[in-house]
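The values are calculated or read from the model by the stated rules, or taken from the named source; none is laboratory data. Please read these numbers as outputs of a predicted model, since none were measured by experiment. Quick reminder, even Gly has a Cβ in these numbers, built from the backbone with ideal geometry, and neighbours come from all protein chains shown. Surface accessibility is based on the protein's heavy atoms, side chains included, excluding ligands, DNA and RNA. Shrake-Rupley method; radii C 1.70, N 1.55, O 1.52, S 1.80 Å.
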Amino acid sequence: MQEPLLFSGNASRELASEVAARMRTRLGNALVDKFRNDECRVEIKENVRGAEIFVFQSLSRAPGGNSVNDSLVELLLMIDAMRRASAYRITAVVPYYGYAKQDKKTKGREPISAKLVANMIAAAGARRVVTLDLHAAQIQGFFDLPVDNLEAAPTLCSYLGQQGLKGNKVVVVSPDAGGVPRAEKIAKRLRSTLAIVFKRRPEPDVSEVTEIVGHVDGRVAVVVDDMISTGGTLAKAAEALKARGATQVYCCATHGIFAGDAIRVLNDSPIERVVVTNTIPNENLPPKFRVLSIAQILADAIRRITSNKSVSELFERLDAEEQAAAENTETAVPVLATAP
Ligand code: R5P
């Protein structure tokens, strides 16, 4: 078995370091910087010949002000550098796969950005992709490479269970029709009922609630989504749920993008708590926000990939552990940002 070497671009350095620590290894040494003309500059500072490489990079903004586009180019350049340095196999670990919203043509003269990004990652030299909660699961098919689309649901559900948010006092809510399968799975895990918010987008990044299906009156609503961008979807859903008699509204999402003034929008909304994972770096969030770590899931998945073990089995094991934890609330999910 090859001992894996982990590297990271600027968007995922903290998460990658945590994964490395959990794997009792270290992050590889690479310069990931910029030339004065603003082009990304990459130099791998250690030998990778014949090595099993994992390059971490979320396609999101990064600390220090790098944009989503910088993050994408850093990832591509790092993979290219590894390939030219004769790495044995390169896996792109993309905790948040950006450019996923345009995953089909909804009208004429639109790109399919998610497919183009997949082509670029493969052309750069990646032989496998590990990611979490793709915006649409079928994006896996945009790659002719193995894709492990991991789930944050076990981590989110453990947290909700620890907070006592389970059973028939809770209704799990999908904030749109597309999110129903995800919400249904979580409702099943929490042994709760399901409701669906129907939303429409009069223009990009603006959402309006049109209808709610399901009983929310007198229950705690837990709204689950894959990502929070402007926060509009969740803020509007929370207002509508409260108006229909929900006693409290909690919101969970895998990816906390928090674009523009999303943090203010969510903070000023009737939402009790906003829970995200650390697929995207976020600092100084208000007390209403919680960040859960998915480092252990990534570490376990990488260990399984390098030893040719099943990654699905990991989720079967997590399911079993979660069931056991449901009886024992002492088992804690690591929370990175908590209220003072
Ligand atoms: C939509 O299909 C997604 O699952 C999210 O609901 C959406 O991207 C959230 O966007 P925003 O926070 O800007 O409303």
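Brief remarks follow.
- Within the chain, antiparallel bridges make up roughly 25 percent of the DSSP beta bridges whose residues both belong there.
- GluC sites (Glu not before Pro) restricted to DSSP loop in segment 231-294 with at most 10 other C-beta within 10 Å: GLU283
- The listed residues PHE315, PHE289 rank as PHE315, PHE289 when sorted by accessible area, largest first, using a 1.4 Å probe.
- Applied to segment 23-29, the Karplus parametrisation 6.51 cos²θ - 1.76 cosθ + 1.60 on θ = phi - 60° returns per-residue 3J(HN,Hα) values of 8, 6, 9, 10, 7, x, 8 Hz, with x for Gly and Pro.
- The calculated 222 nm mean residue ellipticity attributable to helices in the chain amounts to -9500 deg cm²/dmol, summing -39500 (n - 2.57) over DSSP H runs of n ≥ 4 and dividing by all residues.
- Put simply, the amide H of VAL171, placed in the peptide plane, has neighbours under 5 Å in VAL220, ALA221, VAL222, leaving out anything fewer than 5 places away on its chain.
- Table column - 3J(HN,Hα) (Hz), segment 299-306, Karplus curve with 6.51, -1.76, 1.60, x for Gly and Pro: 4, 5, 5, 5, 4, 5, 5, 6
- Degrees separating the helix 68-84 axis from the principal Cα axis of the chain, which is the longest one: 40
- Angle between the chain longest axis and helix 113-124 axis [Cα atoms, degrees, rounded to 10]: 30
- For segment 130-260, the orientation-averaged shadow of the C-alpha convex hull comes to 8.3 nm² (one quarter of the hull surface).
- Taking θ as phi - 60° and the Karplus parameters 6.51, -1.76 and 1.60, the scalar couplings of segment 17-22 work out to 5, 5, 5, 4, 4, 5 Hz in sequence order, x denoting glycine and proline.
- Against the chain, whose longest principal axis comes from its Cα atoms, helix 180-190 is set at around 70 degrees.
- Once backbone amide H atoms are built at 1.01 Å from N, VAL275 has CYS251, CYS252, ALA253, ARG290 as its partners under 5 Å, excluding neighbours fewer than 5 places away on the same chain.
- Accessible surface of the chain [probe 1.4 Å, protein heavy atoms]: carbon and sulfur percent: 48
- For the chain: rounded, prolate or oblate by the Cα gyration tensor [a/c cutoff 1.5]: prolate
- Heavy-atom accessible area with a 1.4 Å probe sorts TYR99, TYR88, TYR250, largest first, into TYR88, TYR99, TYR250.
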